[in-house]
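No lab work stands behind these numbers, since they all come straight from the coordinates. Bear in mind the structure is a predicted one, so any value in this text is a computation, not a measurement. In this analysis, Cβ positions are derived from the backbone assuming ideal geometry, glycine residues included, and neighbour counts consider all displayed protein chains.
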Amino acid sequence: MGIGQAVGSRVIDNETLGYFMGRVMLFLVKLGVDRSKVRFRQHLANEMAHYACDCWDAELLTSYGWVECVGCADRSAYDLTVHSKYTGTSLAVKEALPEPVKVEEWQATLDKKLAGPRFKKDAKAVQSAVDALDQPTLERLAAELGQTGSVAIETPALSDGTTRVELPKELLSISKTARLQNIREYTPNVIEPSFGIGRILYSLLEQVYWHRPNDAARAVLSLPLAVAPNKLLIVPLSSNPQLNPIARKLSARLRSAGIANMIDASSASIGKRYARNDELGTPLGVTVDFDTLTDGSVTLRERDSMVQVRGSEDEVVMAIRALVEGTETWEQVVGRMAVFGGQADDQ
């Protein structure tokens, strides 16, 4: 079931809560979480926090089973309403309307001349209870008052210990009135997403860790570019002293563009150097080889597919920036650059 359908059928309480649930899903997918391993579970009534009118958990599938990683609670106007109730101060927002609008609303009036002698020192508490009645309740009570001649309402604790009072139609009148409204007044509602970063990170690492087919020794951590702390590995093809200065210059250029990278100029073969960085989750790799010395071109390698493309340093830097910024996909880069087959490292 999609979010729009869930909101429309009131499985999800309201559109705003649905919007935030959608944003939670987009965030998790951008981190690299597998869509098929995410689900949203609604809290049961006996699980719901006292302040929430609806609450959903985003759960991720791990080897431990489904793990709660994000909570998304609709606190409605609970906090401000309670503060307002106990401080006696309105915490509503007042918004001036560009044009007056005609509004109809139910209004309850307690006859103070009759209520004072009847309720004595409890009259103020009864008046507060009447003033606190919302529109749906007033509409229901108006019908009940017309049918039975009296209604019962909840009140703060009265002097006799009761929290409910019966009001006959002689004391209470409820009618619908119309007025011009120049100011919209409302108490803001709150949607509270809560992210368990540690749980999300663990679940992500477990989901994106895999091994190359037919080679259990070659592990890969498929962190997306948006998450990987190191975006790029620069590898001189061999220990030829002419290659290292080019690698260092390219590294500095990328760092000045805000792209985190590192150089691996160790004596291990280029395959081993790429393999250990695949396991660290480095998404991209640049090889500086002997063709670089003659024409200035370098290769760009993508971690998961191991596909390499070749181009000038400027072309490759532009492609790296586009990939890091998310304005281009690897498939688009491969489509416009020459695919590279490889080069021996013993020249």
Any chance you could give the angle, 0 to 90 degrees and rounded to 10, that helix 313-325 forms with the longest Cα principal axis of the chain? 20
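For the chain, what does -39500 (n - 2.57) per DSSP helix run (n ≥ 4), summed and divided by total residues, give at 222 nm, in deg cm²/dmol to the nearest 500?
-11000 deg cm²/dmol
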Spatial separation of Cα centroids for region 47-103 and region 1-15, in angstrom: 17
Given H placed on each backbone N at 1.01 Å, which residues far from ILE234 in sequence or on other chains put an amide H within less than 5 Å of it? MET262, ILE263, ASP264, VAL286
Looking at the chain, what % of its DSSP beta bridges pair antiparallel, to the nearest 5? 85
Scoring region 93-186 by relative contact order with C-alpha pairs under 8 Å, at least six apart, yields a percentage of 51
Which value in nm describes the separation of the simple spin-label points at LYS176 and THR87, placed 7 Å from the Cα toward the beta carbon? 3.6
Which whole-number percent is the relative contact order of the chain (Cα, under 8 Å, 6+ apart)? 14
Assuming R0 = 51 Å, what is the FRET efficiency of TYR186 and ARG212, from their Cβ-Cβ distance, to the nearest 0.05? 0.35
Taking a label point 7 Å from the Cα of ASP111 along Cα-to-Cβ, the residues of region 155-171 whose backbone nitrogen sits under 13 Å from it are 167-171
At a 10 Å Cβ-Cβ cut-off, how would you order SER297, SER63, SER150, fewest neighbours first? SER63, SER150, SER297
Pull out the extension gain between GLU144 and GLU325, defined as 0.36 nm times the separation in residues minus the alpha carbon to alpha carbon distance; nm, one decimal. 58.9 nm
Mind sorting out which of (1) 40, 26, 17; (2) 69, 21, 16; (3) 31, 24, 19 is the real semi-axes √(5λ) of the Cα gyration tensor in Å computed from the coordinates? (2)
Antiparallel bridges, percent of DSSP beta bridges restricted to region 213-340 (to nearest 5): 60
If you take every residue apart from ALA226 with its C-beta less than 11 Å away from the C-beta of ALA226, what net charge results, scoring Lys and Arg +1 and Asp and Glu -1? +1
Counting other beta carbons within 10 Å of each Cβ, put TRP210, TRP56, TRP106, TRP66 in order, fewest first. TRP210, TRP66, TRP106, TRP56
Output the relative contact order of region 213-340, whole-number percent, from Cα pairs under 8 angstrom with separation of 6+ residues. 26
Counting GluC sites (Glu not before Pro) as exposed when in a DSSP loop with at most 14 other beta carbons within 10 Å, what is the longest stretch of the chain free of them? 171-347
ALA132 to GLU15: extension gain in nm, 0.36 nm per residue of separation minus the Cα-Cα distance? 39.5 nm
Separation in nanometres of the label points that stand 7 Å from Cα toward Cβ, at HIS43 and GLU166: 3.8
Counting other beta carbons within 10 Å of each residue's own, what order do CYS53, CYS69 fall into, fewest first? CYS53, CYS69
